[in-house]
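The values are calculated or read from the model by the stated rules, or taken from the named source; none is laboratory data. The shown structure was predicted, so the numbers you read here are calculated from the model rather than taken from an experiment. In this analysis, Cβ positions are derived from the backbone assuming ideal geometry, glycine residues included, and neighbour counts consider all displayed protein chains. Ligands, DNA and RNA are excluded from the accessible area calculation, which covers all protein heavy atoms including side chains. Shrake-Rupley method; radii C 1.70, N 1.55, O 1.52, S 1.80 Å.
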Amino acid sequence: MTSEAIVALVILGLAIALFVSDRMRLDVVAMTSLLALTISGVATVPEALAGFSNPAVLMIAGLFIVGAALTDTGVADWLGQRLERFAGGGEAQVTVAVMGATALVSAFMSSTGTVAILLPVVSTLALRRGIAPARLFMPVAFAAHLGSNLTLISTPPNLLVSEALREAGRAPFRFFSFTAPGLVALAVGVAYMAAIGRRALPSKGDRAEAGAPRSLSLDDLSMEYGLGSALRAARVAPGSRLAGLTLGEANLRADFGVTVVGIARPGPHGLEAQRVVPQTVFAAGDELRMLGSDAAIAALADRFGLEALSARPVFALPPEESLAEVVLPRRSGLTGKTLREARFRDRYRASVLSIRRGDGWLPVFHATPELRDLKLRAGDTLLVKGRLKHLKNLRDERRDLVLVAEPDARGDVLVDRARAAFALCITLGMLVCMAFGWLPNVIAVLLAALLLVLAQCVRPVDAYRAVNWESVVLIAGMVPLAAALERTGAMGAVVSAAEGLLAGARPTVVLGALVLFTSTIGMVLSNTATAVLMAPIAVRLAGALGLAPEPLLIGVAFASSAAFATPIASPVNILVMGPGGYQFKDFTRVGLPLQLLVLATTLIVVPLVWPF
């Protein structure tokens with residue numbers, strides 16, 4: 001083995017170690033590897049930058065823009081809302097319907113975007129059917145992964161294996177090349193989750209009891225986050241020094257460490273909730289709902305002459321305000337920041353009342369420094385309070401916040417009919433061109449992205465924001481590393497070792513070994529990084545053993561996307577972990593059997609569609 005090959009393998013090993021440690025962003029690791037190849041002399045500058053002109057990289061960037069257009073025009077949300085019409089009534093029926101709809105959307109959009117769109121829809125549907133949302137969130141995530149196996153454009157690994165096939169001198173995969181085995185894998189996955197998997201899902205933290213369909217209420221959310229036991233109530237007594245002061249003048253948060261989250265004022269029809277803003281003037285008879293320690297509230301009551309109320313306070317808000325539940329996706333710009341650093345209240349015009357991390361919840365008393373300065377993490381679920389019009393805007397913040405639930409969510413979605421029609425026509429035109437090969441895939445995607453911008457289906461600034469640059473740079477940075485491994489002979493050495501182990505083995509055994517190894521790597525690396533590394537190995541292994549590369553590459557794509565067994569295997573799993581209240585072991589208990597089933601299905605079905 002040459003010295004260049006050894007250097008390339010060392011760079012690969014360090015990159016994998018950094019990927020697994022999760023201490024650096026994936027794109028930063030990829031760029032570090034790219035620069036290391038150039039500085040060490042393993043790759044020339046043109047070779048190192050070749051990944052940025054790779055057709056798969058350009059297609060992925062274009063597809064993010066297509067997905068953004070479908071989202072911005074309301075098409076994706078409208079499709080999600082139609083789910084309730086055919087979801088059925090029982091839990092098994094709802095599971096099948098939800099997974100089928102998720103897979104269908106995921107076949108044409110990114111899995112993360114699909115789940116972000118459907119989470120609030122599924123949450124509302126679950127409550128109306130009397131099912132705990134946690135019983136459906138994990139099936140939604142798994143269906144998004146299964147839907148990634150249905151079309152060429154559904155996930156980066158499919159595009160990467162198609163490009164590897166083209167570089168090997170063979171015809172690349174077509175739009176529906178993955179569909180037949182993907183549908184079988186989807187059917188197996190849905191049947192497993194409906195019959196077996198859902199029974200292993202946790203039932204703690206349920207928002208609804210079976211057979212008790214209803215809507216999500218303010219009290220549901222407040223109780224779930226522990227506010228029911230944390231809230232304290234007091235009445236402004238006649239003659240209280242608080243009467244006549246505004247909330248801002250009273251300065252209760254800074255002076256006493258107490259946060260007023262609700263004000264109920266006697267009216268002609270009983271207590272009426274008031275807005276909690278600095279300009280609100282306290283009046284005698286007001287009942288205050290507060291968060292804070294018992295000692296702090298006692299000191300406040302003594303200072304201002306408040307009457308403590310022993311009855312459990314009901315969380316109430318004025319008609320123009322509400323609560324919402326949001327979760328931080330993996331690539332959120334809020335991760336690593338505190339609420340103070342992110343200027344959350346000013347940025348989103350909403351206040352965070354509580355944060356749930358894993359199984360627990362952290363009440364945010366705004367005067368408590370250790371909680372105000374808590375570093376946010378991907379997967380954290382936040383309970384926020386604000387005016388309805390501001391909470392509605394959270395639906396458009398899917399890059400940093402994903403809306404999970406809102407009380408009494410409306411079932412209709414505002415669709416811009418003209419722009420939606422343009423978006424659908426352009427997207428369908430792109431799919432037809434790709435399906436029949438009328439244009440090269442990369443040209444069809446880039447043309448569609450350009451037309452969507454020109455048709456004002458997505459604003460240019462939003463088009464740039466929609467592109468997941470971390471994924472784009474990751475692929476562009478890792479492609480030169482894979483090429484360097486091939487050029488220096490390191491890939492050949494790995495394939496020769498594998499050939500020695502698999503010499504004389506049946507083709508199915510070769511496919512099984514490749515799929516199992518790919519799936520194992522995919523548990524700790526992203527599906528994109530896994531496909532970048534494994535696709536060239538599959539091509540070389542097929543050539544060395546005299547096999548057709550197509551079934552091995554399909555196996556690599558399916559195994560790369562089989563991210564079921566751990567929550568860290570995919571951003572989609574992290575996205576549902578907080579709202580579902582799942583633990584790591586829940587994914588292993590439910591997802592590992594599914595992962596083995598999908599891999600076994602791959603071994604059986606793929607050779608039937610793509611012979612060796």
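Only one entry in LEU552, LEU596 is free of Cβ contacts under 8 Å to residues at least 60 places away in the same chain, outside any loop (DSSP other than H, G, I, E, B) and open to solvent by 10 Å² or more (accessible area, probe 1.4 Å), namely LEU596. Checked against (1) open to solvent by less than 10 Å² (accessible area, probe 1.4 Å); (2) modelled with pLDDT of 85 or more; (3) not basic (Lys, Arg), PRO266 meets all criteria but (1).
If you go through the stretch 47-77 and keep only what is at positive phi and in a helix (DSSP H, G or I), you end up with nothing.
Checked across the stretch 575-588, the condition of being outside any helix (DSSP H, G or I) and under 24 Å from THR151 (Cα atoms) holds for no residue. Per the listing ALA17, ALA56, ALA61, the residue uniquely within 19 Å of the chain's Cα centre (by Cα), open to solvent by less than 60 Å² (accessible area, probe 1.4 Å) and either closer than 24 Å to VAL473 by Cα or modelled with pLDDT of 85 or more (or both) is ALA61.
Quick one: how many residues across the stretch 441-469 are more than 26 Å from the chain's Cα centre (by Cα) and not in a helix (DSSP H, G or I)? Residues meeting the conditions: 2.
So that you can scan it fast, the table gives a plain yes or no per residue for (1) open to solvent by less than 10 Å² (accessible area, probe 1.4 Å); (2) without any contact (Cβ under 8 Å) to a residue 24 or more places away in the chain; (3) not basic (Lys, Arg):
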position: LEU309; (1), (2), (3): no, no, yes
position: ARG312; (1), (2), (3): no, no, no
position: LEU317; (1), (2), (3): no, no, yes
position: GLU321; (1), (2), (3): no, no, yes
position: ALA324; (1), (2), (3): yes, no, yes
position: ARG330; (1), (2), (3): no, no, no
position: LEU334; (1), (2), (3): yes, no, yes
position: THR338; (1), (2), (3): yes, no, yes
position: ARG347; (1), (2), (3): no, yes, no
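Could we say that GLY512 is in a helix (DSSP H, G or I), closer than 30 Å to ASN573 by Cα and open to solvent by less than 10 Å² (accessible area, probe 1.4 Å) here? No, not satisfied.
Screening the candidates LEU119, LEU160 for the property of being within 19 Å of the chain's Cα centre (by Cα) and not in a loop (DSSP other than H, G, I, E, B) yields one hit, LEU119.
Please count how many residues of the stretch 1-35 are closer than 27 Å to ARG330 by Cα and of a type outside the set (Lys, Arg). Of the residues in that region, 23 qualify.
Right, ALA503: farther than 29 Å from SER21 by Cα, open to solvent by less than 30 Å² (accessible area, probe 1.4 Å) and not β-branched (Val, Ile, Thr) or not?
Working: farther than 29 Å from SER21 by Cα: yes; open to solvent by less than 30 Å² (accessible area, probe 1.4 Å): no; not β-branched (Val, Ile, Thr): yes.
It is false that ALA503 is farther than 29 Å from SER21 by Cα, open to solvent by less than 30 Å² (accessible area, probe 1.4 Å) and not β-branched (Val, Ile, Thr).
Scanning the stretch 434-473 for residues that are open to solvent by less than 40 Å² (accessible area, probe 1.4 Å), of a type outside the set (S, T, N, Q) and touching a Phe, Trp or Tyr at 6+ places or on another chain (Cβ under 9 Å) gives MET434, ALA435, ALA444, ALA449, LEU452, ALA455, CYS457, ALA463, ALA466, VAL467, VAL472, VAL473.
Within the stretch 490-513, residues that are on the phi < 0 side of the Ramachandran plot reach partners that are acidic (Asp, Glu) and open to solvent by 40 Å² or more (accessible area, probe 1.4 Å) with beta carbons closer than 9 Å, at six or more positions or on different chains, in the pairs ALA490/GLU4; GLY492/GLU486.
Note on the stretch 515-536: among residues that are of a type in the set (S, T, N, Q) and farther than 13 Å from GLY555 by Cβ, the one that is most open to solvent (accessible area, probe 1.4 Å) is THR520.
The set of residues in the stretch 515-549 being touching a residue at least 12 places away in the same chain (Cβ under 8 Å) and among the β-branched types (Val, Ile, Thr) consists of VAL515, THR518, ILE521, VAL524, THR528, THR530, VAL532, ILE537, VAL539. Listed conditions (1) closer than 20 Å to THR151 by Cα; (2) in contact with an Asp or Glu (Cβ under 8 Å, 6 or more places away or on another chain) are all met by ALA435, apart from (2). Among the residues of the stretch 291-327, those that are within 25 Å of PRO579 (Cα to Cα) and not in a loop (DSSP other than H, G, I, E, B) comprise LEU291, GLU321, SER322, LEU323, ALA324, GLU325, VAL326, VAL327. Pairs meeting the criteria (first residue in the stretch 25-46 and of a type in the set (Gly, Ala, Ser), second residue not in a helix (DSSP H, G or I), beta carbons under 9 Å, at least 6 apart or on different chains) are ALA36/VAL42.
Taken over the stretch 391-429, residues that are at pLDDT below 80 and either open to solvent by 20 Å² or more (accessible area, probe 1.4 Å) or of a type outside the set (A, V, I, L, M, F, W, C) (or both) amount to 18.
Checking each residue of the stretch 269-291 against the condition of being at positive phi and surrounded by 14 or more Cβ atoms within 10 Å (Cβ to Cβ) gives at least one match.
Only one residue in ARG289, ARG312, ARG275 is touching a helix residue (DSSP H, G or I) at 6+ places or on another chain (Cβ under 8 Å) and among the charged types (D, E, K, R), so which one is that?
Working: ARG289 fails: touching a helix residue (DSSP H, G or I) at 6+ places or on another chain (Cβ under 8 Å); ARG275 fails: touching a helix residue (DSSP H, G or I) at 6+ places or on another chain (Cβ under 8 Å).
Going through ARG289, ARG312, ARG275 in turn, just one is touching a helix residue (DSSP H, G or I) at 6+ places or on another chain (Cβ under 8 Å) and among the charged types (D, E, K, R): ARG312.
Look at the stretch 240-258: where a residue is among the basic types (Lys, Arg) and a partner is open to solvent by 40 Å² or more (accessible area, probe 1.4 Å), sitting 6+ places away or on another chain with Cβ atoms under 8 Å, you get ARG241/ARG303.
Determine if the stretch 486-507 includes at least one residue that is among the basic types (Lys, Arg) and over 28 Å from the mean Cα position of the chain (by Cα). Outline the logic, then answer.
Start the filter on the stretch 486-507 by keeping residues that are among the basic types (Lys, Arg), which leaves 487, 506.
After this cut, where a residue has to be over 28 Å from the mean Cα position of the chain (by Cα) as well, the list is 487, 506.
Yes, the stretch 486-507 has at least one match.
Residue-wise test of (1) over 28 Å from GLN595 (Cα atoms); (2) open to solvent by 20 Å² or more (accessible area, probe 1.4 Å); (3) outside any helix (DSSP H, G or I).
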position	(1), (2), (3)
ALA30	no, no, no
LEU104	no, yes, no
SER123	no, no, no
ILE131	no, no, yes
ARG135	no, yes, no
ALA143	no, no, no
